[in-house]
1. Grab every C-alpha pair in the stretch 26-116, bin the distances at 5 angstrom width from 0 up to the longest one, and report whole percents.
2. Sort 75, 127 so the one with the fewest other Cβ atoms within 10 Å of its own Cβ comes first.
3. At a Cα cut-off below 17 Å, give the aspartates and glutamates reachable from residue 71, other chains included and same-chain residues fewer than 8 away excluded.
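What follows is calculated from the coordinates using simple rules that are stated; it is not laboratory data. Because the structure is a prediction, the values reported are computed rather than measured. Ideal geometry is used to build each Cβ from the backbone, glycine not excepted, and the neighbour counts take in all protein chains shown.
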Amino acid sequence: MRGLLIVSVCLAIWVFTPTLRSSAETQTTMTADACLELENSNAEMKRIHRQIIRYHKDNKRFITAFNKAQKAWSVYRDAQLAAIYPESPERYGSAYGMCRCTVLNDLTRERIETLKKWLSKGTEGDVCAGSLR
């Protein structure tokens, strides 16, 4: 009976160990994943920005104001990151790179949602829509 228990435990360890190992992530992998998400979000934001500019290509005043707003958002994004992590990166340990990319990605996703308002159909009769569709 004891031998059967030992064999069962060994078999369980053998079966489940590869699964446990493959689901474990290193800090490097988690950082790379977070930064890849940020890259993808940045690419999406740039694509949406270009679409908006194309749609308003004949309105130079809008393009100037819109680009100014995008630059101001970039300053806000960087200031927000600095407020969250005011110390040197070493102070936050090995997770800093992942956390930095995660915070920047969250801010970028918020900006994307704001930019999408220029691409979506507005509410008919909305007298406050301005340059939004």
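1. Taking every Cα pair in the stretch 26-116, the percentages come to 3, 13, 20, 20, 17, 11, 8, 5, 3, 1.
2. Values: 75 9, 127 5.
Neighbour counts put them in this order, fewest first: 127, 75.
3. 44, 110, 113
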